[in-house]
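Report on the following structure.
The values are calculated or read from the model by the stated rules, or taken from the named source; none is laboratory data. In this text the structure is predicted, and so the values were computed from the model without any measurement. Quick reminder, even Gly has a Cβ in these numbers, built from the backbone with ideal geometry, and neighbours come from all protein chains shown. Heavy atoms of the whole protein, side chains included, go into the accessibility calculation; ligands, DNA and RNA do not. Shrake-Rupley method; radii C 1.70, N 1.55, O 1.52, S 1.80 Å.
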Amino acid sequence: MSFIRSLATCLTAGTALALSLATASAASHPLDGLTGDEIKAVTSILNSSGTADGDTLYPLIELLEPPKSEVLSGTTPDRKAAVHMFKGGSFHEAVVNITDGTVESSGPLDGQPMVMFAEFITAMETALGDPRMAAGLEKRGLTPEDVFCLPLTAGNFFTDAEKGKRLMKVPCYVNPTGSNFYAKPIEGLFAVVDLAASEVLDVIDEEPVAIPSDDWGYTDDEIAKRAPLREERETAGVKGPEGSGITIDGTQISWDIWRMRYRTDKRPGVVLSNIDVKDGDRWRSVLYQAHLSEVFVPYMDPTSGWYWRTYMDSGEYGFGLFLTPLRKGIDCPSYASFLPAMIHDDNGNPLEIPDAICVFERNIGDPAWRHFEVFAQGPDSFVPTEGRPDTELVVRSASEVGNYDYLIDYRFKQNGELYVKIGASGLDAVKGVNSTSVTDASAAEDTKYGRLIAPNLVAPYHDHYFNFRLDFDIDSPNNTMMVANIVEGQAPEGSPRKSFWTVRNDMVKSEKEGTFQISSFKPKYFHIMNPNEDGYLGYKPGYMLHHGSVAYGPFDFENDPPFMRNRYIENSVWTTEYKPDERYAGGKLAFASDGSDGLATWIEDDANLVNKDLVTWFTAGFHHIPRMEDWPVMSTEWKTVHMMPMNFFPMNPAITIRTPKDAE
């Protein structure tokens, strides 16, 4: 830093800091996330130029990716940052060139960015400081000191009262005496807070509902008071390899036939780029980039305290912002490599989250392939099963968004397949009710939109949707999507066979043709291929987007605001032409969005997709019907997006796995 201070005598602080970082920036990969020093440089450059000042707050500072053509050409483009700022009572955006220390552009932000930590605190304090909230608590035998409040995004229901406002709705809970912060909701009382004005616009205070008495803690000591813990035992677990096959060089992870780069962004969390697979001696591109695009969690309770709970967890809160440190032996094997995540705080300072990513390989106890040949056996000889063990690479992170914990895995297989796995755990969102049993007179009304899971607690029905942006580059950016439809076959005349299926391959020619629902009654597989490459046996090499976990609901995408804002869940698969500013299915700015930006609007121009740079979007989803076994914490439930090579390799890549020395 002394070098920076000496330069500052003849240069502005922002330019000096940018120059001091120029060498480091040039040495990093163009898709690496911003370093702590680069984040500092951004705020310094903005302050030096007068674009920001010491009171400016920052909802977002992230890498502005250079043009894809520059990255693929191997050039060293300037390091730039995209910035959202809160200054002078309004939001602004800017592009900062870190390399040359300039602000390339700045202006008002057309919409609202992610919520900031400071806004959470403001909303809590503002809500509890309102006399109407104090009166509502007093009516329930409580004081503001007895409770904590949870600011929640209010969505946007297109009313005049909401227009132009930055709103959160703030319900409260009785302060926990143990580990469970959500066990005692104060139902029927919440504040509507205008974050910009720091004031309570309204307090909804309905008829008081019984407050649960059980603390429902979930630590060992708390559980032991409720039921005996199981006997201690040596867990089977996964055992670490004597010598790990993983190499982590800066931001590049290499393992077996795979290599990729990682970073963390504040909104999507982990971003993987330049995902390549090795075919013989040749490294081949599969995906330019893969990352979480949006998470949508709508609750199916239309009552006043719940209808607005339709969260866009990634775009409104940020999966990167809420990355949590992973725990050895629980979240990941103890032998895993643990990596930090670099984001920033509200003031634009670097904020490192330790152990936010774990990387490990594991033998999952299954065969990668096997065959026992009965015809090879003889009366005096035995030929054992031929096979190989299945080992995989896992890149894992976990974000806690309110009561839910979400694990995001990228799992790489030795046969060239790739899985995205979403693990949902944490705590059910619960509402207080008067019923303590389904036999109570009030139970029918109390459980109209959910399930009684504990005395005085109903968990409302809800959905989880996870959209992933998958930028396939099969050997090069220009690809084509083919849809392999399973259709009824026509038997030749005279054949005794009366029914069978065959495959009809249809080319996706435009963006409007590239949207699909998935049904087991009309099975189809999505094949992203490179029409410009001649692969093995004359096939065009590709990867298949296999069926994943999908869910659909009876939603009104034309008239119901939450689903107008998240119309991408109408179809599981969307296909668009690559555009660098189209990163998030729910639009650039999710907070209080109106649905005018996002996948459903991007395809309106119906761009040609034949032999183009394509992006495929997949929404994995599931309906959650709560049950008593979900409480007090939920078992982790995994959902899947599955990608597999399709005529990409000359044979099964897993055939070259060696037989382990300890095989019997």
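Per atom type, the chain shows carbon and sulfur on 51% of its accessible surface, probed at 1.4 Å. The modelled label-to-label distance for the pair Q252/E207, using points 7 Å beyond Cα in the direction of Cβ, is 6.7 nm. Using the crude model of +1 on Lys and Arg Cβ and -1 on Asp and Glu Cβ, and no other charge, please compute the dipole size for the chain relative to its Cα centre, in debye to 20. About 1220 debye. A full extension of the chain between E493 and K278 corresponds to an added length of 72.8 nm, given 0.36 nm per residue minus the alpha carbon distance. For the listed peptides 532-539, 116-123, 605-612, a ranking on the average number of other beta carbons within 10 Å per residue, highest first, reads 116-123, 605-612, 532-539.
Between the C-alpha center of the stretch 553-569 and that of the stretch 52-118 there is a gap of 31 Å.
Distance from the C-alpha centroid of the stretch 321-367 to that of the stretch 286-309: 23 Å, rounded to the whole angstrom. With a Förster radius of 25 Å applied to the C-beta separation of T143 and E352, the computed FRET efficiency comes to 0.05. Using a cutoff of 8 angstrom between alpha carbon atoms and counting only pairs six or more residues apart, the relative contact order for the chain works out to 12 percent. Of the residues F158, P541, S254, the one whose Cα sits farthest toward the positive end of the charge dipole of the chain, with +1 on the Cβ of Lys and Arg and -1 on the Cβ of Asp and Glu, is P541.
Estimated from the Cβ-Cβ distance and a Förster radius of 45 angstrom, the FRET efficiency linking V95 and S476 is about 0.95. When only Cα pairs below 8 angstrom with a gap of at least 6 residues are kept, the stretch 139-251 shows a relative contact order of 19 percent.
Taking the dipole about the Cα centre of the stretch 373-511, with the C-beta of Lys and Arg at +1 and of Asp and Glu at -1, give me whichever of V438, Y404, A376 is farthest to the positive side. Of the options given, the answer is V438. Here's how it looks for V550: its modeled amide H is under 5 Å from those of G621, which are all 5 or more places away or on a different chain.
When the dipole is taken about the Cα centre of the stretch 572-654, and only Lys, Arg (+1) and Asp, Glu (-1) are charged at their Cβ, what size is it in debye, to the nearest 20? So the magnitude is around 320 debye.
With each label modelled as a point 7 angstrom along the Cα→C-beta vector, the E232-L72 pair spans 5.7 nm.
Here the gap between I330 and H371, fully extended at 0.36 nm per residue and compared with their Cα-Cα distance, gives a gain of 11.3 nm. Full extension of the chain between A161 and A441 yields a length gain of 97.0 nm, computed as 0.36 nm times the residue separation minus the alpha carbon distance. For the residue pairs K512/K579; K163/K512; K431/K639; K87/K184; K498/K522; K448/K512, the alpha carbons lie more than 28 Å apart in K163/K512; K87/K184; K448/K512.
Label-to-label distance, A484 versus K509, with points set 7 angstrom from Cα along the beta-carbon direction: 2.4 nm.
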